[in-house]
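Engineer: After the structure tokens below, expect a handful of questions from me.
The values are calculated or read from the model by the stated rules, or taken from the named source; none is laboratory data. Since this is a predicted model, take the numbers as computed values, not measurements. Virtual Cβ from ideal backbone geometry, glycine too; neighbours counted across all protein chains shown.
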């Protein structure tokens, strides 16, 4: 079993839709949870950063962490064509600070 | 915000030659640098972790003599692919973590093609 599971998609939605992206994990030691967006042939950029359980909102983006279920989500409201990218979840592995990555979900928002 | 400049963005080299990729942190001190490799439609694969002034720690299966990492200063880390072969063709990305906070900042990546 992989430490982090993420459905690679692809996910295709119409403009304006609410997008839900998810990751599950198995290591209960993970404390820090991140969502990155990666456009084609570019490095990932940090979207959301959450510590422990709870919700965090930033504009159209909301990150949720449920440590009891080992499940994290990223919601995108009023999705735009410019949101079309690959979204990767990442988690901190502990003291050695090595990020553990999901496979990434490819999202296409159609105008 | 924190910026990591990675160069070159794209390089084509002949088989058997060496290629150097640079990552510079522009407005913060990168105490730790991570080097990743990414194949098409796949996630990031950590190759090695380097702390300034120390030898890099390589992940299992990564040849340290082939992928030379130097992190001689708090603002510069380099990855040299030695005696490159076509199977080394990939997208290489650096990521830096500074001494402030816990965030990771990524470079824009280098597309290496070995012909």
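Engineer: I need a count of the residues in segment A:34-50 that are within 10 Å of chain B (Cβ to nearest Cβ) and buried (at least 20 other Cβ atoms within 10 Å of the Cβ).
Structural biologist: 5
Engineer: Turning to a different aspect of this structure: Does segment A:56-76 contain any residue that is within 24 Å of residue B:2 (Cβ to Cβ), in a loop (DSSP other than H, G, I, E, B) and at pLDDT 95 or above?
Structural biologist: yes
Engineer: Filter segment B:16-30 down to the residues that are over 11 Å from residue B:6 (Cβ atoms) and crowded, with 18+ Cβ neighbours inside 10 Å, then identify the one that is nearest to the chain's Cα centre (by Cα).
Structural biologist: The qualifying residue nearest to the chain's Cα centre (by Cα) is B:19.
Engineer: Determine whether residue B:6 is within 14 Å of chain A (Cβ to nearest Cβ) and outside any strand (DSSP E or B).
Structural biologist: no
Engineer: Sticking with this one: Among the residues of segment B:67-115, write down those that are in contact with a strand residue (DSSP E or B) (Cβ under 7 Å, 6 or more places away or on another chain), part of a loop (DSSP other than H, G, I, E, B) and farther than 18 Å from residue B:54 by Cβ.
Structural biologist: Across segment B:67-115, the qualifying residues are B:82, B:84, B:85, B:89, B:102, B:103, B:107, B:108, B:109, B:115.
Engineer: Given the criterion in contact (Cβ under 8 Å) with a residue 40 or more places away in the chain, assigned to a strand (DSSP E or B) and touching a strand residue (DSSP E or B) at 6+ places or on another chain (Cβ under 9 Å), identify the matching residue among B:28, B:34.
Structural biologist: Checking each option against the conditions leaves just B:34.
Engineer: Scan segment B:37-66 for residues that are closer than 18 Å to residue A:91 by Cα and outside any strand (DSSP E or B) and jot them down.
Structural biologist: B:42, B:43, B:59 - these are the residues of segment B:37-66 that are closer than 18 Å to residue A:91 by Cα and outside any strand (DSSP E or B).
Engineer: Mind telling me which of the residues A:81, A:8 ends up being touching a residue at least 40 places away in the same chain (Cβ under 8 Å) and surrounded by fewer than 12 Cβ atoms within 10 Å (Cβ to Cβ)?
Structural biologist: A:81
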